[in-house]
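J.: Please see the structure below; I have some questions.
The values are calculated or read from the model by the stated rules, or taken from the named source; none is laboratory data. Small disclaimer: the values here were computed from a predicted structure and weren't measured. FYI the Cβ positions are ideal-geometry reconstructions off the backbone, even for glycines, and counts take in every protein chain you see. For the accessible areas, the whole protein counts, side chains as well, though only heavy atoms, and no ligand, DNA or RNA atoms are used. Shrake-Rupley method; radii C 1.70, N 1.55, O 1.52, S 1.80 Å.
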Amino acid sequence: MFAAPALSQEARRVSGRVERATEDGDVGVPGAWVILHRVGRDAQGALDSMRTDARGAYAFRFATRGDTGAVYFASTVYAGVAYFTSPLRSADVSGDDALLQVFDTTSAAVPIAIRGRHVIVAAMDTTKLRTVVEIYELENTGSRTRVASERSPSFSVRVPQGASDLRVGEGDVSPDAIALAEGTVQVFAPLSPGLRQISFSYLLPAAAFPLALPVPDTTTVLEVMVEDPAATVTGAGLVAQASVMLDGRGFQRFLANDVPAGAVVTITVPAGGASLRTLYVVGIVGLAGIALLLGLLRAVTRQRGAGFGVARTVADPAEAVAAAIAALDATFEKQRDPSAEARAAWQSERAALKAQLGDILAERDNRL
């Protein structure tokens, strides 16, 4: 059991703009429908809505209520993609914190750069399998949101032959928008200009090693961590770093910068070794987070609004899930006459996200 959420009420205001990014600069979007959302343990939903004026400006006055941990967002939908602000934390929010920056969309080959790739290889488990976690930091370097088509995902990357049990981890893309097809992880979520993070895991048998991992595109930061003191990692200019201890477990760590496309990483591990419990991605969220803190050299880019299912990059898991709920609601509310199937799908996904948010908040309360 956990304590009931604290209650509060505070008058607040948010005033911002909906701006469309163009090659000639940002321009206001008149008549855009903006929705104010509240997401908390006690209740979730839209608080207010309005259309932007001739300059693309909007403003809401509202009062916080109920759970003090509730998160408030403003959102809009442009060209079929939902965008939303950072969490509205203060009593009077304006400027960049209230900016809803939207983009034209395209299914053409918008450049998606790999700013960071992190590969974490766990020790062999009791079933003679190793869990491999991969984390990508992607940047849309164009001025349009890249959207997927039926035949072309917005981003894709191959997984090693023999990989099984693909699981999508935490990141800036809804797990429902990531699929495995013909040995390729495919992302179908819109990728707007700026940085996005995805993560996934899979299982590899002992026969898959030595493991050769190709580098499909130029990668700004490449990091490999292996939970085996006898393992060797070569190629792609990787340089051994100081080993790290995470939750009492030792990992060798290797790092490289500005790795060219076509490079190959080879990971060799001993045939035997101690067996540990299966280490699925859901069990190493902390590990993945630490790996990012250790290795990721984020490109300096302007933070921009994000596509459906994604907030501006947020570190707090509760805010990330709340943002996903807000984006889901915003997209559904734009449907003029949703079918029964569409409504059922929205309710099902919303319930799952709400349960996930409740679990995160409950765990946080138990630590207090």
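J.: Taking the full set of protein chains and a 1.4 angstrom probe, give the accessible area of Thr218 in square angstrom, rounded to the nearest 10.
T.: Accessible surface of Thr218 is approximately 80 Å².
J.: I want to check the label-to-label distance for Ala181 and Thr218. Put each point 7 Å from Cα in the C-beta direction and report it in nm to one decimal.
T.: Each label point is offset 7 Å from its Cα along the Cβ direction, giving 2.9 nm.
J.: Can you tell me the dipole magnitude for segment 75-207 around its Cα centre, using point charges on the Cβ only (Lys, Arg +1; Asp, Glu -1), in Debye to the nearest 20?
T.: With Lys and Arg at +1 and Asp and Glu at -1, about 400 debye.
J.: Can you give the extra length, in nm with one decimal, that the chain gains between Thr234 and Met50 once fully stretched, where that is 0.36 nm per residue apart less the Cα-Cα distance?
T.: Taking 0.36 nm per residue and subtracting the Cα distance, the gain is 60.6 nm.
J.: First select every other residue whose beta carbon is under 9 angstrom from the beta carbon of Val93; then total the charges, Lys and Arg +1, Asp and Glu -1.
T.: +1
J.: If the chain between Leu166 and Val27 were fully stretched, how many nm would it gain, using 0.36 nm times the residue separation less the Cα-Cα distance?
T.: Extra length available between Leu166 and Val27 comes to 45.9 nm.
J.: What nm distance separates the two modelled labels at Ser152 and Phe62, each placed 7 Å from Cα along Cα→Cβ?
T.: Computed distance between label sites Ser152 and Phe62 equals 3.8 nm.
J.: Further, regarding this structure: Can you work out the FRET efficiency for the pair Ser243 and Ala79, with r the C-beta to C-beta distance and R0 = 51 Å, to the nearest 0.05? Working shown, then result.
T.: Working: r = 48 Å, r/R0 = 0.94.
For Ser243 and Ala79, the calculated efficiency is 0.60.
J.: Assuming a ≥ b ≥ c are the square roots of the Cα gyration tensor eigenvalues, decide whether segment 160-225 counts as rounded (a/c under 1.5), prolate (otherwise, with a/b larger than b/c) or oblate.
T.: Verdict is oblate for segment 160-225.
J.: Out of Val110, Ala79, Gly69, whose Cα points farthest toward the positive end of the dipole of segment 1-122 (charges: +1 Lys, Arg; -1 Asp, Glu; placed on Cβ)?
T.: Gly69
J.: Let me ask something else about it. Which length gain, in nm to one decimal place, applies between Ser15 and Ala113 when the Cα-Cα distance is subtracted from 0.36 nm times their residue separation? Let's see the in-between values first.
T.: Details: separation 98, 0.36 × 98 = 35.28 nm, distance 3.33 nm.
The Ser15-Ala113 span can extend by a further 32.0 nm.
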